[in-house]
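Take a look at the structure below.
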Amino acid sequence: MAQRPEELVELLPEAEPFLAREAEVRDPSERRGLVLVHDLAGDFDAAHAAALAGAHLLASLPHEVIARFDVDSLVDYRAHRPWMTFQGDRYESFNAPEINLYALEDDAGEPFLLLHGAEPDYAWQRFVTAVSGLVERLGVTSAVSLQAIPMPVPHTRPVTVTAHATRRELISSYPVYWGEMRIPGHVPALLEMRLGEAGVDAFGVAAHVPHYLAQATFPAASLTLLEHLETLTGLHLPVESLREAAESNRTEIDEQIAGSPENTAVVSALEQQFDAFTAAREENGLLGASGDLPSGDELATEFERFLADQDRKGPRD
């Protein structure tokens, strides 16, 4: 039996201070102006970069869960089988998926929210409506999505991003690289679109992960996402330990690449393309086979290839 959107989420007692404050608002100018960050881990999270960014925030900042979503109604367990631990002659643990809304405080004591967990497989429209209801009740006035997509870029150059928003003014300092294209849908994009239609400032950044690292771990992309999150929202976020992880990971990747002449040649070619494009423009972006921007069809093909790889990979980490 279909659930109403509000039945998909349980508000916990820890949400009461936010609800009480917003209930007292009589004029829109009095709203708290909370930032909602969402990093739902799904197929548009190459190298698990967004999920790692969210997990880093939870590991580094004071936080508490203020709402839980009904994952049994939202997640396809057979398509993304959760891990279980088997010890000797018995099952010991079950790593159940979660979709939680957290309240955090940044390094300056400023509160913000984080929607963290698995991307829903089912009930997209009801889930988005449920989140939109929380946005209204909790005083959220801006929502930022963190994502990562595989692209033909080298790991030896700075991580670039694609920015998107419901209003151009929100990302005016970011260039626009291409026109219309059709890509597979995903919940974060639908949430951004619906929030924008409701008058909420919704925007986000997608880090460009080297396509040869899309199934690996690439903390440099996670670091870049948090740096752009700071720029876009004014939040003060701890990133030093993530920066150290990115530097260590870079050393490991370099060592692995150096062991294969074929891989070294691929990275060298990507570097030449990247540098040529950078030299031609003040701000760089996505690179095509000849140093030009890829077409919408080429980007869509890259997305489709990545999604097919995700399907073959098996359980979510």
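Solvent exposure of the chain amounts to 50 Å² per residue of accessible area, where only protein heavy atoms count and the probe is 1.4 Å. The value obtained for the range 118-261, namely the Cα convex hull volume divided by the number of residues, is 144 Å³ per residue. Among Ala108, Gly199, Leu19, whose Cα projects farthest towards the positive end of the dipole of the chain, with charges put on the beta-carbon of Lys, Arg (+1) and Asp, Glu (-1)? Going by the Cα projections, it comes out as Gly199. What angle do you read, to the nearest 10 degrees and between 0 and 90, between the alpha-carbon axis of helix 187-197 and the longest principal axis of the chain? The angle comes out at about 60 degrees. If I model the range 185-265 as equal point scatterers sitting on the Cα atoms and use the Debye formula, what is log10 I(q)/I(0) at q = 0.17, 0.20, 0.26 Å⁻¹? Once normalised to I(0) and log-transformed, intensities are -0.84, -0.99, -1.23.
With both bridge residues required to lie in the chain, what share of the DSSP beta bridges run antiparallel, to the nearest 5%? The antiparallel proportion sits near 55 percent. For the range 167-249, carbon and sulfur atoms together expose 51% of the accessible surface, with a 1.4 angstrom probe and every protein chain in place.
Highest average first, the peptides 134-141, 253-260, 234-241, 20-27 ordered by how many other beta carbon atoms sit within 10 Å of their residues are 134-141, 234-241, 253-260, 20-27.
Along each principal axis, taking the top coordinate minus the bottom one, the Cα set of the range 142-197 gives 39, 26, 22 Å in descending order. Dipole magnitude for the chain: about 500 debye, using +1 per Lys or Arg Cβ and -1 per Asp or Glu Cβ, origin at the Cα centre.
Stick to Cα atoms and the Kirkwood definition of Rh, then tell me Rg/Rh for the range 46-126.
Rounded to two decimals, Rg over Rh is 1.04.
Take 191-204, 64-77 and order them by the average number of nearby Cβ atoms within 10 Å per residue, most first; the result is 191-204, 64-77. Extents of the range 1-147, taken as max minus min of Cα coordinates on every principal axis and listed largest first, are 60, 41, 29 Å.
Centre-to-centre, using Cα atoms only, the range 255-281 and the range 149-202 are separated by 26 Å.
Relative to the compact-globule estimate of 2.2 N^0.38 Å, the Cα radius of gyration of the chain comes out at 1.03.
When each of the peptides 216-227, 122-133 is scored by the mean number of other C-beta atoms lying within 10 Å of its residues, the order from highest to lowest reads 216-227, 122-133.
The values are calculated or read from the model by the stated rules, or taken from the named source; none is laboratory data. Not measured: the values here are computed from a predicted model. Reconstructed Cβ throughout: ideal geometry from the backbone, glycine too, with neighbour counts over all protein chains shown. Please note that ligands, DNA and RNA were not included when accessible areas were found on the heavy atoms of the full protein model with its side chains. Shrake-Rupley method; radii C 1.70, N 1.55, O 1.52, S 1.80 Å.
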